[in-house]
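In what follows, a single structure is set out as structure tokens and then discussed.
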RNA sequence: GCCCGGGUGGCGGAAUUGGUAGACGCGCUGGACUCAAAAUCCAGUGAUAGCAAUGUCGUGUGGGUUCGAUUCCCACCCCGGGUACCA
């Protein structure tokens, strides 16, 4: 999860390097994480949107470049990434001077370089970068190897040295010195190479060490109508002010259309009169049109929850101190780089400002798995809404086109219309059954398709609980049996542990074990029954409360403390040892738990079945793990 | 491509983290009840051989470590999710 956040933030360290443009009094600045490979730079690429494209392009190449830039602009982002398989680009006709060795290298325009990252321009080192290599091969650009892959297989190494293969891992520098300008990294390690070249660039004023992030905002940059408007006014004289506390909150204005403004501004720019404000001196101003869309507001809701009725401030220091940090954050993995990342960021800002008392907002994260559902797609892979699908003899067909479809498993979504409404389960089996089934279906963190196979199982369990404990004849007076007490207390322990570990499926199964035991035992006493109701209550609250009341209680069960298990009921006097020969279990033998190993050994060796397995062989060793297993090694 | 998960009966899933593989549930089979069916209750249910006692095989595949491996190590195959020309 933190890896995903790290990837999203995408911090990288490298250097910016200036290349002189041949015949122009300008520099082309690139960002690279590998300044050490400067000797291997054989061409440069600028993004189609780069501001210098027009200036760089020579008259002969102008039409070709213009056509290419236009073409790139028309491609959507999706197309551009979809076309990742093949590289495209066009030569600008212009050259740049490699500052480290004075070589003239071609400048190209290509859409595999993105304007939004770094400087929108790169130096290409085809021998040691797969993208550059692919491009250089496509357009017959020289490939110069400067890292000798000494530890690579011989065949591979030869290809790399000849510029016929790309090598992105470490190696020994070759062709990497220029005495005239005082730079020499041949023989250095990668780390030392990067440091040497970077300091050389800085000393000669040709570049500097830089840190870059690929972080994209995924929240405020996607403006929409629904969101809290910023309480900010831009005045005609250039002053910007925030609203008085007394003017808050600022509600959203009613608008006719929710589309973005004509200049691509937030939808609030369509709000007409609402936008214009005049102060008491007649000065005119315009309201800020940006809102806090989507989860911008919920990034801090947990703080407001600590003090929800406070009318003076978002939350009091006392309340914040008492409740924070949040014990548990339950959310899907899809929140990793969205809600969770923003929440952590905001919280850290508030912490630095001294407004909250913790550096992190959440103590523990739990990723619950997504519940998937069946969906349908055509042979060509396009999705068909589930309400346009009919089943005939185990095959699926579109009710619109009649085409045969195949069934896939995909996450539930509105667009696929494969959302399952749990109301049916509630109607047929009750809310407790639905609740219990969601816990019983499997581990909370597992992703799995929704199926109602098995709802019957938990429904049956609840029905058996009500049938057994609802029958007065099953409740006996007096002391509880040892066996029942043991299983009851095992159940308390297991359910307590499983709830703590959020393993609800096994907690439910333990309660089933207990109930099955009650049926076998035939009778249990009053105390056993009500203790079980307490355990059951968080899982099936309606059933548990009903039974609790049936037993003459007038208070609410949920307010009673959780039962505590008693170790004394769980201790055993004997243990049934599995006896194995060479690791294979052959029979079992019941022995006292405190029997010394020498006695156990004797008991095993004198057992009737033992002869059969040691016949004609000799015993090499006997391994006894107390109250676990006995293993006899024979040869 | 890269980064995470994960492969256990017909199915959903258990297994105290190296110690009896398959708890619990669904489904299926048989029995009881019923004129009959449903519901319910009881019993059985990994595969295979056997009337049985019992044997052999078995946790994606192949190897390794170990007295002992679903669990640890190495290589590979498959599935799911995330991400993607980030220089």
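Values in this text are rule-based calculations from the coordinates and carry no lab data. No experiment lies behind these values; they were computed from the predicted model shown. Here the Cβ positions follow ideal geometry from the backbone for every residue, glycine too, while neighbour counts run over all protein chains shown.
Just a few scattered comments:
- With Cα atoms defining each centre, the stretch A:308-373 and the stretch A:161-189 are spaced 49 Å apart in the structure.
- Between residue A:588 and residue A:250, the contour length at 0.36 nm per residue exceeds the Cα-Cα span by 114.1 nm.
- Between the helical axis of A:526-536 and the longest alpha-carbon principal axis of chain A there is an angle of about 10 degrees.
- Residue A:424-residue A:390 FRET efficiency (beta carbon distance; Förster radius 30 Å; 0.05 resolution): 0.95
- Distance (nanometres) between label positions extended 7 Å along Cα→Cβ at residue A:310 and residue A:359: 2.4 nm
- The distance between label points at residue A:496 and residue A:513 comes to 1.6 nm (points 7 Å beyond Cα on the Cα→Cβ vector).
- Nearest-ten-degree value, helix A:455-469 long axis tilted from longest Cα axis of chain A: 30 degrees
- Sites residue A:506 and residue A:139, calculated FRET efficiency, Cβ-Cβ separation with R0 60 Å, nearest 0.05: 0.50
- Judged by the gyration tensor of its Cα atoms, with axes a ≥ b ≥ c, the stretch A:211-295 is prolate; a/c meets the 1.5 cut and a/b is the larger of a/b and b/c.
- Neighbour-count order for A:134, A:567, fewest beta carbons within 10 angstrom listed first: A:567, A:134
- 19 Å cut-off, amide nitrogen to a point 7 angstrom out along residue A:58 Cα→Cβ, residues in the stretch A:117-139: A:139
- Centroid-to-centroid separation of the stretch A:593-633 and the stretch A:1-77 [C-alpha atoms, Å]: 75 Å
- With a simple spin-label model that places each label point 7 Å from the Cα along the Cα-to-Cβ direction, the separation between residue A:559 and residue A:526 comes to 2.2 nm.
- FRET efficiency for the pair residue A:26 and residue A:195, taken as 1/(1 + (r/R0)^6) with r the Cβ-Cβ distance and R0 = 25 Å, rounds to 0.30.
- Expressed as a fraction of 2.2 N^0.38 Å, the C-alpha radius of gyration for the stretch A:431-569 is 1.03.
- Maximal additional length on extending the residue A:33-residue A:239 stretch stands at 70.0 nm, based on 0.36 nm per residue less the C-alpha distance.
- Acute angle (nearest 10 degrees) that the helix A:482-500 long axis makes with the longest principal axis of chain A, alpha-carbon atoms: 10 degrees
- Euclidean distance of C-alpha centroids, the stretch A:510-582 and the stretch A:252-301, integer Å: 59 Å
- Cut-off 19 Å, label 7 Å out along Cα→Cβ of residue A:566, residues of the stretch A:471-510 by amide N: A:476-496
- Per residue, the average separation of C-alpha pairs within less than 8 Å and at least 6 apart gives chain A a relative contact order of 8 percent.
- For the stretch A:297-367, relative contact order (Cα pairs under 8 Å, six or more residues apart, normalised by length) works out to 38 percent.
- Each helix, a run of at least 4 DSSP H residues, gives -39500 (n - 2.57); summed and divided by the residues of chain A, these come to -9000 deg cm²/dmol at 222 nm.
- Normalised by the number of residues in the stretch A:574-634, the average gap of Cα pairs under 8 Å and 6 or more apart makes the relative contact order 42 percent.
- Cα coordinate range in chain A, projected on the principal axes (Å, largest first): 103, 91, 63
- Segment residue A:175-residue A:258, extension gain: residue separation times 0.36 nm, minus the distance between their alpha carbons: 23.8 nm
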